[in-house]
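Report on the following structure.
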Amino acid sequence: MCKVKTVVLGVTGGIAVYKALDVVSRLKKQGIEVHVIMTKSACEFVNPLSFQALSQNMVINDMFDEPKHWEIQHISLAKKADLIAIIPATANIIGKVSNGIADDMLSTTIMATKSKVVFAPAMNTNMYTNAIVQENISRLKGLGYEFILPDTGRLACGDVGEGKLAPTDVISDTIIGMLDCPKDMKGKKVLVTAGPTIAPIDPVRYITNRSSGKMGYSIAEEARDRGADVTLISGPSSLRRPFGVKFISVNTNSEMLNAVLDNYKDQDVVVKSAAVADYKPQSYSSEKIKKIDGKLTLNLIKDSDILKKLGDIKEKQILVGFAAESQELIKNAEIKLQKKNLDYIVANDITSKDTGFASSYNKVTVLCKDGQKILLEKMPKRMIARELFNLINGKR
Ligand SMILES: Cc1cc2nc3c(=O)[nH]c(=O)nc-3n(C[C@H](O)[C@H](O)[C@H](O)COP(=O)(O)O)c2cc1C
């Protein structure tokens, strides 16, 4: 079982402070404990109450506040943190840390920690490209501090250029990836399929399966953060494309089949988490089918069983399938594991109310071809992905 991780989030006084709220929310959804330290300037932009409500912890901003329990807070937080992330990071905090200044709660906590520290700078382009700021960043990088570099774009001041805070999903994914993620898949190739596929009926209608893509995207991100070379083949999904993976967008079963076969041969691990449509209309109407009085009958025919095909031609690949069932979950998953020549199958009880489909959480049983059954209790999908790769990589 994964130990709950603690992130200390340092918030400094830039215009992008409000975006750090979204990072808190994303980390909390992954089951991560978040403690927020705000600088005095940051409190000018957003009331600490917002961070308090989202993190469900008191926000700390004054080093000389009367402590709630007797402990020296900058030391206890510095020790408690698995990671300290500064979002957004002002030119000021970068300059202070780079020069060994510890004159408030945040800079003192950073000074006192032995854990990893990551900065996500955000500032006006002229500030960001200022030689002093760049020298401070280089110096900190040389000392082992990490950076999530800013984007180029339209800044709050109206200028266009470098200095825009990296997107919040990139920041939260990077943090999650840095939290004790084993780097045990360097040089491995991993193919993941995610999301639904669609089977068009006519130009406006289609049938599909329920799937947000969250489970597959989390698997792809976990493999990426463990150092693998990842290809993600996704059906239609509203999720943002993960950075640092080869992304192939498909719609139908046959498009997914072709994309998977094109990429299958040299993969080490293939995880088929997509909810592929098993049936398609017997014929596609190129004109929109007119509404008629009475019943409209749709004839459906079976479409390709991609997982079965992959099992049949499997060579060195570790093949992982998913089974979404509403009854006799384990029995049906066992049959599928055998029939499709899989190495693992992740059995997903779709009757559960607070996990599965669009939820960020899942509760699954992983069945291995050697007969082992491992129950993964309700946890964020990213942590399910971590446990799955721990199992595949012999770390469980
Ligand atoms: C409206 C406004 C927006 C600001 N935006 C930024 C910013 O995006 N990045 C930055 O480095 N400084 C920005 N500053 C300047 C910082 O607030 C200032 O350097 C402050 O001393 C930073 O303190 P801190 O690092 O302790 O939070 C801004 C100031 C104001 C008034």
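The values are calculated or read from the model by the stated rules, or taken from the named source; none is laboratory data. Owing to the predicted nature of the structure, the values given are computational and were not obtained by experimental measurement. Glycine also receives a Cβ, built like all others from the backbone with ideal geometry; neighbour counts cover every protein chain displayed.
Scanning the stretch 364-381 for residues that are free of Cβ contacts under 8 Å to residues at least 40 places away in the same chain, of a type in the set (A, V, I, L, M) and closer than 24 Å to K28 by Cα returns V364, L375, L376. Flag: A89 does not match the condition of being touching a Gly at 6+ places or on another chain (Cβ under 9 Å), under 21 Å from V24 (Cβ atoms) and more than 9 Å from the ligand (Cβ to nearest atom). For the stretch 108-127, give me the residue count where each residue is more than 8 Å from the ligand (Cβ to nearest atom) and under 26 Å from E162 (Cα atoms). Going through the stretch 108-127 one residue at a time, the tally reaches 8. For the stretch 309-320, does any single residue satisfy the condition of being without any contact (Cβ under 8 Å) to a residue 12 or more places away in the chain and not charged (D, E, K, R)? The answer is no; no qualifying residue exists.
Is it the case that some residue within the stretch 68-84 is on the phi > 0 side of the Ramachandran plot and more than 16 Å from the ligand (Cβ to nearest atom)? No: zero hits. You will find that of L296, L342, L329, the residue that is in contact with a strand residue (DSSP E or B) (Cβ under 9 Å, 6 or more places away or on another chain), assigned by TED's automatic domain parsing to the domain that holds Y217 and at pLDDT below 95 is L329 and no other. Give the residue that is nearest to E387 (Cα to Cα), with candidates limited to residues of the stretch 1-32 that are within 11 Å of the ligand (Cβ to nearest atom) and crowded, with 24+ Cβ neighbours inside 10 Å. Taking the candidates together, the pick is G10. Has the stretch 152-170 got at least one residue that is more than 14 Å from the ligand (Cβ to nearest atom), modelled with pLDDT of 90 or more, at negative phi and more than 26 Å from the chain's Cα centre (by Cα)? Among the residues of the stretch 152-170, not one is more than 14 Å from the ligand (Cβ to nearest atom), modelled with pLDDT of 90 or more, at negative phi and more than 26 Å from the chain's Cα centre (by Cα), which makes the answer no. Of everything in the stretch 33-58 that's within 9 Å of the ligand (Cβ to nearest atom) and in a loop (DSSP other than H, G, I, E, B), which residue is nearest to the chain's Cα centre (by Cα)? Restricting to residues being within 9 Å of the ligand (Cβ to nearest atom) and in a loop (DSSP other than H, G, I, E, B), the top hit is T39. The set of residues in the stretch 145-199 that are in contact (Cβ under 8 Å) with a residue 12 or more places away in the chain, surrounded by fewer than 17 Cβ atoms within 10 Å (Cβ to Cβ) and assigned to a loop (DSSP other than H, G, I, E, B) comprises L149, A156, C157, D159, P167, D180, P182, K183, D184, K186, G187. For beta carbons closer than 6 Å, sequence separation of 6+ or different chains, a first residue in the stretch 209-221 that is basic (K, R) and a second that is in a helix (DSSP H, G or I), the qualifying pairs are K214/K381.
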